[in-house]
Amino acid sequence: RADSLIFLQSEEVVLHIEFQTSPDEDIPFRMTDYRLRVYRRYPNKEMYQVVIYLKPSNSELVHQNTFELTNLRHQFNVIRLWEENTDIFLNNSGLLPFAVLTRTDNPRETLTQIADLIDSMPNKQQQSDISASTAILSGLKLDQDSVKPLQNIIIIVGA
């Protein structure tokens, strides 16, 4: 079962994102199943599928991006956040909550950078939303004491 599943669609494309905290041997089948269900309902729409692994793993399962049976092959994209460049995430406000999960030598320092970037945002609602998301996702990598200052920003902004 997916940790979190998101479907977004436009006139031409369906975007299917699955967030996973741990490897799952059923992912390839599940991605194929979703693709076929969407095709049945929207045969003229393209579909982009991606599994985003949030926590580091040495399991081979996090590298699987294909489901194969005789005469059937389906591929999807996989992102392992711990392999991604942190700067890309720090330079896009929508990706900030994920930055601490990327390839960083110092997650606490990255969290401090994120907090500074959030603090400099002019829109208070955006600050609150991104702070809350960042606090939740940072908890996957850091202890609660490290995340606590960010939670204080959420309380102040959300007040």
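What's the number of the only condition in (1) surrounded by fewer than 17 Cβ atoms within 10 Å (Cβ to Cβ); (2) among the acidic types (Asp, Glu); (3) within 27 Å of residue 134 (Cβ to Cβ) that residue 26 fails to meet?
Looking at each condition in turn, residue 26 falls short on (3).
Residue by residue, here is whether (1) among the polar types (S, T, N, Q); (2) over 25 Å from residue 7 (Cα atoms); (3) in contact with a Phe, Trp or Tyr (Cβ under 9 Å, 6 or more places away or on another chain) holds:
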{"residue": "21", "(1), (2), (3)": "yes, no, yes"}
{"residue": "45", "(1), (2), (3)": "no, no, yes"}
{"residue": "80", "(1), (2), (3)": "no, no, yes"}
{"residue": "94", "(1), (2), (3)": "no, no, no"}
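Please specify each residue of the stretch 94-114 satisfying the condition of being over 16 Å from the mean Cα position of the chain (by Cα), surrounded by fewer than 21 Cβ atoms within 10 Å (Cβ to Cβ) and either assigned to a helix (DSSP H, G or I) or β-branched (Val, Ile, Thr) (or both).
Of everything in the stretch 94-114, those that are over 16 Å from the mean Cα position of the chain (by Cα), surrounded by fewer than 21 Cβ atoms within 10 Å (Cβ to Cβ) and either assigned to a helix (DSSP H, G or I) or β-branched (Val, Ile, Thr) (or both) turn out to be 107, 108, 109, 112, 113.
Take residue 20 and tell me if it is more than 30 Å from residue 106 (Cα to Cα), surrounded by 13 or more Cβ atoms within 10 Å (Cβ to Cβ), out of contact with any Pro (no Cβ under 9 Å at 6 or more places or on another chain) and not aromatic (Phe, Trp, Tyr).
no
Looking at 103, 41, 108 in this structure, which one is among the basic types (Lys, Arg) and assigned by TED's automatic domain parsing to the domain that holds residue 13?
On the way: 103 fails: assigned by TED's automatic domain parsing to the domain that holds residue 13; 108 fails: assigned by TED's automatic domain parsing to the domain that holds residue 13.
After ruling out the rest, the residue left standing is 41.
In this structure, is residue 84 acidic (Asp, Glu), in contact (Cβ under 8 Å) with a residue 12 or more places away in the chain and touching a helix residue (DSSP H, G or I) at 6+ places or on another chain (Cβ under 7 Å)?
Working: acidic (Asp, Glu): yes; in contact (Cβ under 8 Å) with a residue 12 or more places away in the chain: yes; touching a helix residue (DSSP H, G or I) at 6+ places or on another chain (Cβ under 7 Å): no.
No; evaluated as a whole, the condition is false for this residue.
Among the numbered criteria (1) in a strand (DSSP E or B); (2) free of Cβ contacts under 8 Å to residues at least 40 places away in the same chain; (3) surrounded by 17 or more Cβ atoms within 10 Å (Cβ to Cβ), which one does residue 48 miss?
All conditions pass for residue 48, except number (3).
For the stretch 66-93, which positions are over 29 Å from residue 133 (Cβ atoms) and not in a strand (DSSP E or B)?
70, 71
Any residue in the stretch 14-38 that is under 19 Å from residue 71 (Cβ atoms) sitting within a Cβ distance under 6 Å of a residue that is assigned to a loop (DSSP other than H, G, I, E, B) and modelled with pLDDT of 95 or more? List the pairs, counting only those 6 or more apart or interchain.
28/64; 31/76
Taking the residues in the stretch 21-37 that are of a type outside the set (Lys, Arg) and assigned to a helix (DSSP H, G or I) as candidates, determine which candidate is farthest from residue 79 (Cα to Cα). Before the answer, list the steps.
The first filter runs over the stretch 21-37 and keeps only residues of a type outside the set (Lys, Arg), leaving 21-29, 31-34, 36.
Narrowing further to those that are assigned to a helix (DSSP H, G or I): 27-29, 31-34, 36.
Working: 27: 13, 28: 14, 29: 17, 31: 14, 32: 17, 33: 20, 34: 18, 36: 22 Å.
Ranking the candidates gives 36 first.
The values are calculated or read from the model by the stated rules, or taken from the named source; none is laboratory data. This is a predicted model, so every value here is computed, not measured. Note that each Cβ is placed from the backbone with ideal geometry, even for glycine, and that neighbours are counted across all protein chains shown.
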